[in-house]
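One structure is given here, and the rest of the page talks about it.
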Amino acid sequence: MARPAVVLDTNVVVSAFISQFGLERRVLDLALGGHLQLCLSVEILSEYSEVLARPKFSIEPADLAVSLSAMRKSAAIFVPTLRVFAASDPEDNKFLECAQAAGADYLVTGNLRHFPKTWKSTRIVNARQIIAELIPGLEG
């Protein structure tokens, strides 16, 4: 069975760093462990780097560099060719663009209200929903 392809909204990655035991961390760990195919674009990686480096998150620069490197190594990098204008927050369209380019199964976000329920072949879900669907019983 092919690994489900996922795009992670920046808020999911930030939550994964803030709470080592939260559902968002489980999703990121599944992606880094190869159980999910992480799909990224250069624009998304740049946003992860910029946001996670903010002083309010207190992430050591060396730890951040290691984490971003691990994400790059485990991810498939896509170059979206079509612009999308479907998210209520225009800054979120980059995630839909990447999902479309990748043919991703899921876009995981903590802000479901910013996105349509689906985009092309991609379902928009939160961390609890994807875990419940892929690994029943683990979401609790």
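The values are calculated or read from the model by the stated rules, or taken from the named source; none is laboratory data. It should be emphasised that the depicted structure is a prediction, and the values quoted were computed from it without experimental measurement. Here the Cβ is made from the backbone with ideal geometry for all residues, glycine too, and neighbour counts use every protein chain on show.
In the stretch 75-93, the qualifying residues are those that are buried (at least 16 other Cβ atoms within 10 Å of the Cβ) and closer than 25 Å to R26 by Cβ, and the one that is modelled with the lowest pLDDT is A87. For beta carbons closer than 6 Å, sequence separation of 6+ or different chains, a first residue in the stretch 62-78 that is at negative phi and a second that is of a type in the set (S, T, Y) and in a helix (DSSP H, G or I), the qualifying pairs are L68/S49. Scanning the stretch 122-131 for residues that are touching a residue at least 24 places away in the same chain (Cβ under 8 Å), of a type in the set (A, V, I, L, M, F, W, C) and buried (at least 22 other Cβ atoms within 10 Å of the Cβ) returns A127, I130. The set of residues in the stretch 3-25 that are surrounded by fewer than 18 Cβ atoms within 10 Å (Cβ to Cβ), in contact (Cβ under 8 Å) with a residue 24 or more places away in the chain and either assigned to a loop (DSSP other than H, G, I, E, B) or of a type in the set (K, R) (or both) comprises R3, P4, G22.
Selection within the stretch 102-121: residues that are closer than 21 Å to R25 by Cα and β-branched (V, I, T). The member of this set that is surrounded by the fewest Cβ atoms within 10 Å (Cβ to Cβ) is T109. State yes or no: is A62 out of contact with any Gly (no Cβ under 6 Å at 6 or more places or on another chain), within 14 Å of D9 (Cα to Cα) and either part of a helix (DSSP H, G or I) or among the hydroxyl-bearing types (S, T, Y) (or both)? So A62 does not fit the description; no. Within the stretch 33-51, is there a residue that is under 11 Å from L8 (Cα atoms), aromatic (F, W, Y) and out of contact with any Pro (no Cβ under 7 Å at 6 or more places or on another chain)? Yes, because at least one residue in the stretch 33-51 is under 11 Å from L8 (Cα atoms), aromatic (F, W, Y) and out of contact with any Pro (no Cβ under 7 Å at 6 or more places or on another chain). Could you check, for the stretch 75-87, whether at least one of its residues is among the charged types (D, E, K, R) and in a helix (DSSP H, G or I)? No; the residues of the stretch 75-87 include none that is among the charged types (D, E, K, R) and in a helix (DSSP H, G or I). If you go through the stretch 29-53 and keep only what is part of a helix (DSSP H, G or I), aliphatic (A, V, I, L, M) and closer than 20 Å to Q100 by Cα, you end up with A31, V42, I44, L45. Looking only at the stretch 62-73, residues that are touching a helix residue (DSSP H, G or I) at 6+ places or on another chain (Cβ under 6 Å) and surrounded by fewer than 16 Cβ atoms within 10 Å (Cβ to Cβ) come to 1 in all.
Take K94 and decide whether it is among the basic types (K, R) and without any contact (Cβ under 8 Å) to a residue 12 or more places away in the chain. The answer is no for K94. Annotation note: of L96, L134, L138, the sole residue that is surrounded by 13 or more Cβ atoms within 10 Å (Cβ to Cβ), out of contact with any Asp or Glu (no Cβ under 9 Å at 6 or more places or on another chain), among the aliphatic types (A, V, I, L, M) and modelled with pLDDT under 95 is L134. In the condition set (1) surrounded by 12 or more Cβ atoms within 10 Å (Cβ to Cβ); (2) at pLDDT 95 or above; (3) not polar (S, T, N, Q), E50 is compliant with all but (1).
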